[in-house]
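See below for the structure under consideration.
None of the figures in this text is laboratory data; all of them are computed from the coordinates on show. Quick caveat, the model's predicted, so the values are computed rather than measured. For neighbour counting, all protein chains shown are included, and Cβ atoms are generated from backbone atoms with ideal geometry for every residue, glycine included.
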Amino acid sequence: MKIRFWGVRGSIPCPGPTTVKYGGNTACIELRFGDEEKLLIIDAGSGIRPLGNFMMQNDLPKGPIDTSIFLTHTHWDHIMGFPFFTPIYIPNSKLKIYGPVTYEDEGLDKIVGSQLSYRYFPVKHSELAADISYYPLKELSMDLGDGISLTTKYLNHPILCLGYRFEHQGKIFCTSYDTEPFRNVFPTDPEDPSYDPVAAEEGEIAAKEENEKLLRFLEGADVVVYDTQYTYEEYLDSKLGWGHTPFEFAINSAHKANVKKLILFHHDPMRTDKQLEVLEEQYLDAIEGKTDLQIEVAREGMEIEL
């Protein structure tokens with residue numbers, strides 16, 4: 001498997017002189033596998049636009065584009081690049097789009113495709129030349145064909161969100177974003193007027209079980225791309241419930257799950273290149289001599305081969 005990052009930011013694109021090194025596009029990951037280097041795409045943030053341009057130059061000359069896009073969830077920063085993904089305008093292109101749907105009456109086709117309506121965009125979804133099919137996903141395991149399999153896992157985000165575990169020829173690649181640690185949502189202070197000892201105890205058990213399920217999902221992965229939008233201090237100060245993970249929790253989780261390489265991902269749009277460099281050095285120093293885990297900050301253009 002070969003992995004390449006086309007967008008690594010969270011929330012909103014942030015181009016400019018302070019984000020040149022790591023990039024300002026939102027989430028998009030290219031996954032190639034097998035001798036024919038078949039392509040899967042994870043998320044359609046603004047990074048899918050340059051990926052589409054790359055595919056036009058490198059994939060289309062070999063024949064019609066036929067690929068699948070796996071959306072972790074449908075928040076805008078993970079789908080906003082779709083209208084600018086050139087292959088959707090090319091006849092004979094075939095795209096399968098998979099992703100979770102939370103509670104809306106409309107399906108994935110309407111949620112993603114509604115961006116392509118005249119109120120937002122000069123081209124309607126019905127005018128696209130590509131053959132596009134949509135498939136809602138839940139927690140499951142499935143054979144994608146060509147020797148690659150997929151397992152999905154619900155994450156902890158304000159909208160239904162899935163982690164993906166791809167396995168091919170003994171190699172494992174996982175995504176775990178957008179998510180934050182599961183925690184007890186019931187009051188645990190006996191002095192709190194809303195305190196219920198039974199609910200408090202059950203909440204602790206449920207949170208622990210869900211965090212353990214995620215560790216099992218990540219167990220033994222060669223590479224994990226993990227949400228690390230905040231530091232632990234930032235998370236406790238004002239980001240609880242926002243659906244994103246502090247660096248420290250992601251690193252500890254990857255270590256516990258015997259992950260070989262952890263990619264720190266979904267950078268806060270306010271985080272500069274210099275700040276990310278400092279954080280990377282800080283966490284590398286913190287784990288030196290304590291674990292075999294490798295960590296690296298995701299950047300646009302980064303490539304990993306398994």
Are there any GluC sites (Glu not before Pro) in segment 4-39 that are in a DSSP loop and have at most 13 other Cβ atoms within 10 Å? List them by number. Glu36, Glu37
Identify, among Ala200, Thr18, Gly289, the residue whose Cα sits farthest towards the positive end of the charge dipole of segment 2-305, taking +1 on the Cβ of Lys and Arg and -1 on the Cβ of Asp and Glu, with the dipole about the Cα centre. Thr18
Taking the number of other C-beta atoms within 10 Å as the exposure measure, put Met55, Met142 in order starting with the fewest. Met142, Met55
Report the full-extension gain for the segment Val20 to Asp146: residue separation times 0.36 nm, less the Cα-Cα distance, to one decimal in nm. 41.7 nm
When Lys and Arg each count +1 and Asp and Glu each count -1, what net charge do the other residues less than 13 Å away from Glu219, Cβ to Cβ, add up to? +3
Rounded to the nearest 10 degrees, the helix 247-256 long axis (Cα) sits at an angle to the longest Cα principal axis of the chain of 90
In terms of the charge dipole of the chain, which places +1 on Lys and Arg and -1 on Asp and Glu at the beta carbon, the residue among Phe166, Val8, Leu116 farthest towards the positive end is Leu116
In this structure, among Lys208/Lys260; Lys138/Lys260; Lys62/Lys171; Lys38/Lys110; Lys96/Lys208; Lys94/Lys239, pairs with alpha-carbon gaps over 29 Å are Lys96/Lys208; Lys94/Lys239
Mean Cβ-within-10 Å packing, highest first, puts peptides 263-271, 43-51, 197-205 in the order 43-51, 263-271, 197-205
If the chain between Glu37 and Gln169 were fully stretched, how many nm would it gain, using 0.36 nm times the residue separation less the Cα-Cα distance? 46.2 nm
Average the reciprocal distances over every distinct pair of alpha-carbons in segment 1-135, invert the result, and give the Kirkwood radius in Å. 15.2
Dividing the alpha-carbon radius of gyration of segment 56-111 by 2.2 N^0.38 Å, where N counts its residues, gives 1.28
What number, in percent, do you get for the relative contact order of segment 2-305 if the mean sequence gap of Cα pairs under 8 Å and at least 6 apart is divided by its residue count? 17
By average C-beta atoms within 10 angstrom, highest first, the peptides 237-249, 217-229: 217-229, 237-249
Nearest 20 debye, what's the magnitude of the dipole of segment 191-306 about its Cα centre given +1 on Lys and Arg Cβ and -1 on Asp and Glu Cβ? 360
